[in-house]
Amino acid sequence: MYIILLGAPGAGKGTQAVYVAQELNLVHIATGDLFRQAIEQGTKLGMQAESYMEKGILGPDEITIGMVLERISAPDCESGVVFDGFPRNLAQAEALDEALAKQAKAIDMVVYIKVSEEELLRRLSGRWICRDCQTPYHAVNSPPKVWGRCNQCGGELYQRPDDTNEIVKKRLQVYFTETAPLIDYYTRLGKLMEVDGEGSIDEVGRRMVVALR
């Protein structure tokens, strides 16, 4: 099964993708993680992507597509994948469809996690991440027991450069202008399913799993 999660930054794609992948025994592929790993490892694609991420804008399609296609060619992806943060635009969607078709595969379902812009801004401006284990926290919704330290491993918490308020607004603007047309694209293909993304993590997760099953 190949599933795509669509939603603006802060809609909860990452959290829900992990949940869905575990429930359905699929591999979770997050393009944000692929980018950060490539940057940390100093790969050619990573160095190209870094300057774009720091500015809060999407990198060229060929960078993102190259990273994703390399990942889905791995053996552990044979049973299926949950795509988190990809595709972001029509060119990427078409490239993904073409790559899967060459392997006699196709996207089965696309889930759009719908969240209001006001809620997205509130969520993102308070988000903090553990530098060591990547556990997410929120200053209001899920603060750590000791501020600045991860509950799980004691690692330092930090705010990503692309989560500052100014960059968040720019990211949302980019999303709504470039990525939102994917909703129409997958609707025409009869593969889009909309899920209310507001509520607790568990509530949204249950909605998604019930809808997919």
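Points to keep in mind about this one:
- Filtering the range 101-127 to residues that are over 18 Å from Ala180 (Cβ atoms), over 17 Å from the mean Cα position of the chain (by Cα) and of a type in the set (D, E, K, R) leaves Lys102, Lys105, Asp108, Arg122.
- When Glu203 is tested against (1) assigned to a loop (DSSP other than H, G, I, E, B); (2) without any contact (Cβ under 8 Å) to a residue 60 or more places away in the chain, just one condition goes unmet, and that condition is (1).
- Candidate set: the range 17-66, residues that are at pLDDT 80 or above, of a type outside the set (A, V, I, L, M, F, W, C) and in contact with a Gly (Cβ under 6 Å, 6 or more places away or on another chain); chosen: the one surrounded by the fewest Cβ atoms within 10 Å (Cβ to Cβ): Tyr19
- One residue stands out among those in the range 28-76 that are of a type in the set (Ser, Thr, Tyr) and either part of a helix (DSSP H, G or I) or touching a His at 6+ places or on another chain (Cβ under 7 Å) (or both): the one that is farthest from Ile3 (Cα to Cα), which is Ser51.
- Count of the range 122-135 residues which are at pLDDT 90 or above and over 13 Å from Gly154 (Cα atoms): 1
- Filter result (within 20 Å of Asn165 (Cα to Cα), touching a helix residue (DSSP H, G or I) at 6+ places or on another chain (Cβ under 9 Å) and exposed (fewer than 15 other Cβ atoms within 10 Å of the Cβ)) within the range 94-133: Glu117
- Selection from the range 72-93 of residues that are charged (D, E, K, R) and crowded, with 18+ Cβ neighbours inside 10 Å: Asp84, Arg88
The values are calculated or read from the model by the stated rules, or taken from the named source; none is laboratory data. Computed from a predicted model, the values in this text were never measured in an experiment. No Cβ is skipped: glycine too gets one built from the backbone with ideal geometry, and neighbour counts run over all protein chains shown.
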